[in-house]
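Written below as structure tokens is the structure these notes are about.
The values are calculated or read from the model by the stated rules, or taken from the named source; none is laboratory data. Bear in mind that the values here come from a model prediction, so they are computed numbers and not experimental data. Here the Cβ positions follow ideal geometry from the backbone for every residue, glycine too, while neighbour counts run over all protein chains shown. These accessible areas exclude ligands, DNA and RNA; they are computed on the full protein's heavy atoms, side chains included. Shrake-Rupley method; radii C 1.70, N 1.55, O 1.52, S 1.80 Å.
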Amino acid sequence: MSRKVIAELENISKYYYIGKNIVVKALEDISLKIYSRDILIIMGPSGSGKSTLMNILGTLDRPSKGRIIIEGTDVTDLSEKELYKFRLKNIGFVFQFFNLIGTLTALENVMLPMILLGNLDEETARIKASELLKIVGMSDKLNSRPSQLSGGQQQRVAIARAIANDPPLVLMDEPTGNVDMASEAVILKLIKILNKYLGITFVIVTHNPEVSLIGTRMISIRSGRLFESDKVPTIDLEKALDERKILELQLEFFEREIVSLKKLLGKGLITFDDYKAELSKIRERLEMIKGALGELK
């Protein structure tokens, strides 16, 4: 059975013009399909085009040539206003330096994308943010500001924020670049769990070969061109996090999401069609998690 394509780059090129006669070709005729449930690792040296590729895939920059299609929508020519809304709903971002807002608590940082999207009221967003922070192991730091957290803790808050609006695609730029080895293991295990049980697709840019070991696909980029490897080794992360505990927390989270959906429908904040679509997605995940819990017994 063919896998669903989450995002596709079609013949993407990106040129930077320096002066009259100097052209820097950051990307040259790149085509790439990203499939549902991928953990796609992109590796390459500085200046190879990794950041440019991620910025274009994240709709933060526009290509000089080619098309960008995400979740069936051609976003290449959307206006900045349309792209802003599209990103909030469909793309999560995790950065090397966390990019948390220093004046906000961990809870408020995770609430922010939900408030900006505008689909949830503040109280519902607060409850959901609290549950997401519990899933990433940060329930005891809800009211802490970034300056009060370690690098690993900040990155877990950033991951919770990235998945706050349930995006199908999460882009990560060196997610373990500013954390210690113990935190690196926890973050990598968390990515594996979110991918396996929530079906989130990840694209990760990294220099770190240990990060590449969790990938389902690996692509090298050199001088703006892609080279894919079919063989990606695996890493044992079983001791990094208690998988059963994370699954049980996710089970509770989605059961509460069903209750929240019914309230939103009752208040007229979502349509019945949207309610049915979201309910179907949640029930599918619940069945997946229950089955996984059964296998762990």
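Scan region 39-52 and give yes if some residue there is at pLDDT 90 or above, open to solvent by less than 40 Å² (accessible area, probe 1.4 Å) and either more than 18 Å from the chain's Cα centre (by Cα) or more than 20 Å from Ser220 (Cβ to Cβ) (or both), otherwise no.
No, there is no match, as no residue in region 39-52 is at pLDDT 90 or above, open to solvent by less than 40 Å² (accessible area, probe 1.4 Å) and either more than 18 Å from the chain's Cα centre (by Cα) or more than 20 Å from Ser220 (Cβ to Cβ) (or both).
Just for region 102-131: of the residues that are touching a residue at least 24 places away in the same chain (Cβ under 8 Å) and over 26 Å from Glu82 (Cα atoms), which one is most open to solvent (accessible area, probe 1.4 Å)?
The residue in question is Thr103.
If I ask for residues that are part of a loop (DSSP other than H, G, I, E, B) and open to solvent by 40 Å² or more (accessible area, probe 1.4 Å), which ones from region 1-38 would you list? Lay out the reasoning, then the answer.
Pass one, region 1-38, residues part of a loop (DSSP other than H, G, I, E, B): 1-4, 19-21, 36-38.
Residues satisfying the conditions are Met1, Ser2, Arg3, Lys4, Gly19, Lys20, Asn21, Arg37.
Take region 1-28 and flag every residue that is farther than 23 Å from Leu194 by Cβ and touching a residue at least 24 places away in the same chain (Cβ under 8 Å).
Leu9, Glu10, Asn11, Ile12, Ser13, Lys14, Tyr15, Lys25, Ala26, Leu27, Glu28
Can you tell me which residue within region 152-190, out of those that are farther than 27 Å from Ile6 by Cα and surrounded by fewer than 19 Cβ atoms within 10 Å (Cβ to Cβ), is nearest to the chain's Cα centre (by Cα)?
The extreme case among them is Asn178.
Does any residue of region 72-79 turn out to be closer than 30 Å to Asn208 by Cβ and open to solvent by 10 Å² or more (accessible area, probe 1.4 Å)?
Of the residues in region 72-79, the ones closer than 30 Å to Asn208 by Cβ are 75.
Pick out the ones that are also open to solvent by 10 Å² or more (accessible area, probe 1.4 Å) and you get none.
No, region 72-79 contains no residue that is closer than 30 Å to Asn208 by Cβ and open to solvent by 10 Å² or more (accessible area, probe 1.4 Å).
Looking only at region 88-97, decide whether some residue is touching a Ser or Thr at 6+ places or on another chain (Cβ under 7 Å), surrounded by fewer than 19 Cβ atoms within 10 Å (Cβ to Cβ) and more than 13 Å from Leu169 (Cα to Cα).
no
Kindly evaluate Gly137 against the criterion of being closer than 19 Å to Ile204 by Cα, small (Gly, Ala, Ser) and at pLDDT below 95. Give the derivation first.
Working: closer than 19 Å to Ile204 by Cα: no; small (Gly, Ala, Ser): yes; at pLDDT below 95: yes.
Answer is no for this residue.
Mind counting the residues in region 1-27 that are of a type in the set (Val, Ile, Thr), within 20 Å of Ser48 (Cβ to Cβ) and out of contact with any Phe, Trp or Tyr (no Cβ under 6 Å at 6 or more places or on another chain)?
Taking region 1-27 first, the residues of a type in the set (Val, Ile, Thr) are 5-6, 12, 18, 22-24.
Add one more test, that the residue is within 20 Å of Ser48 (Cβ to Cβ), and what stays is 12, 18, 22-24.
Next cut, out of contact with any Phe, Trp or Tyr (no Cβ under 6 Å at 6 or more places or on another chain) only: 12, 18, 22.
Number of matching residues: 3.
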